[in-house]
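A short worksheet on the structure shown next.
The values are calculated or read from the model by the stated rules, or taken from the named source; none is laboratory data. This one's a predicted model, so the numbers in the text were calculated from it and none came from an experiment. Positions of Cβ are generated from backbone atoms using ideal geometry, with glycine treated the same way; all protein chains shown enter the neighbour counts.
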Amino acid sequence: MSALMLPSSRVSTEWLAEHLTHPQLVVLDASWFMPGSERNGYLEWQQKRIPHAQYFDFDKKIADPDASLPHMLPTAAHFADEVGQLGVSNDSVIVVYDSQGMFSAPRVWWMFRAMGHQHVAVLDGGFPAWRAAGYAVDTQRPEAVTPTQYKATLDHAWVIDGDTLHQHLNDPDNQIFDARPAERFYGLQPEPREGVRSGHMHYANSLPFSQLLHNGYFLPDDQLKQRFDALSEPEQQLIFSCGSGVTACILALAADLSGRKKLTVYDGSWTEWGSEYKYPVE
């Protein structure tokens, strides 16, 4: 069988259905919900999933266990150990989805890219699109997988910390995008996490992630390109932030689809920035 090639960083339900049995393919369910939600991604995956999908828990298991901030990127060794338990190898072609259409899956796409894995894409429309198209849904007990040896190497270009961002806040070679709703960006709505200030970083642009989506699907690539071209120069380093580093990855994936290459996620995002009084807030 020939090697499996992804068409881009997003795939359609038709593409996934056509290649679902390819030996290189690994499907990952990355469903996650905001704190306070009554939904549980892991429990829902146990009940129903795309056939052969494994659950990728970036909130508890595949996260830095020592971080005070939520679901921070783990070390490369921690990532490799956990990903190997899911049956992922360095030759795997990965498709990630979530049960909201397009919400938390881009976080896992970004994590793999940050760990040096190139062959990863997100399912456009997610699990709702898969079900709406009438494709098979597995409701049996999740199947066990054979662990693999996985090697990860952190690519520092994909992630930035608060102190480094603070030092380069007004660098004209950078452009910061904030994925939170505009009401939170402008401080008109309180932050959901206690002790986090309202407002935004100096020099940041508001680009709510919802503006890049329609019914759980990304806008066409040319429309995504127009959004980024209107707010930044083609050669700028784009830095993405949000509440806790999840929806910032929607912006990063959209920028990738639009053809941008210099992409960085501020992992601590506003949870860190708004809590640390050494960082200025506008």
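When the residues of the stretch 73-118 are narrowed to those that are of a type in the set (Gly, Ala, Ser) and either part of a helix (DSSP H, G or I) or modelled with pLDDT under 95 (or both), which ends up surrounded by the fewest Cβ atoms within 10 Å (Cβ to Cβ)? The residue in question is Ala77. If the condition is being in contact (Cβ under 8 Å) with a residue 60 or more places away in the chain and assigned to a loop (DSSP other than H, G, I, E, B), then the stretch 173-186 contributes Asp173, Ala179, Arg180. Scoring Asp163 on the criteria (1) in the same structural domain as Gln236 (by TED's automatic domain parsing); (2) more than 19 Å from His71 (Cα to Cα); (3) of a type in the set (Asp, Glu) leaves a single failure, condition (2).
Out of the residues in the stretch 256-279 meeting the condition of being without any contact (Cβ under 8 Å) to a residue 40 or more places away in the chain and either polar (S, T, N, Q) or buried (at least 22 other Cβ atoms within 10 Å of the Cβ) (or both), tell me which one is farthest from Ser198 (Cα to Cα). Among residues in the stretch 256-279 that are without any contact (Cβ under 8 Å) to a residue 40 or more places away in the chain and either polar (S, T, N, Q) or buried (at least 22 other Cβ atoms within 10 Å of the Cβ) (or both), the one farthest from Ser198 (Cα to Cα) is Ser258. Please indicate, with yes or no, whether at least one residue in the stretch 21-34 is surrounded by fewer than 16 Cβ atoms within 10 Å (Cβ to Cβ) and at pLDDT below 95. Yes, the stretch 21-34 contains a residue that is surrounded by fewer than 16 Cβ atoms within 10 Å (Cβ to Cβ) and at pLDDT below 95. One residue is enough: does the stretch 147-163 have a residue meeting the conditions within 28 Å of Lys48 (Cα to Cα), at pLDDT 95 or above, surrounded by fewer than 20 Cβ atoms within 10 Å (Cβ to Cβ) and in contact with a strand residue (DSSP E or B) (Cβ under 8 Å, 6 or more places away or on another chain)? No, because not a single residue in the stretch 147-163 is within 28 Å of Lys48 (Cα to Cα), at pLDDT 95 or above, surrounded by fewer than 20 Cβ atoms within 10 Å (Cβ to Cβ) and in contact with a strand residue (DSSP E or B) (Cβ under 8 Å, 6 or more places away or on another chain). Of all the residues in the stretch 102-128, those that are more than 22 Å from Gly84 (Cα to Cα) and out of contact with any strand residue (DSSP E or B) (no Cβ under 7 Å at 6 or more places or on another chain) number 2.
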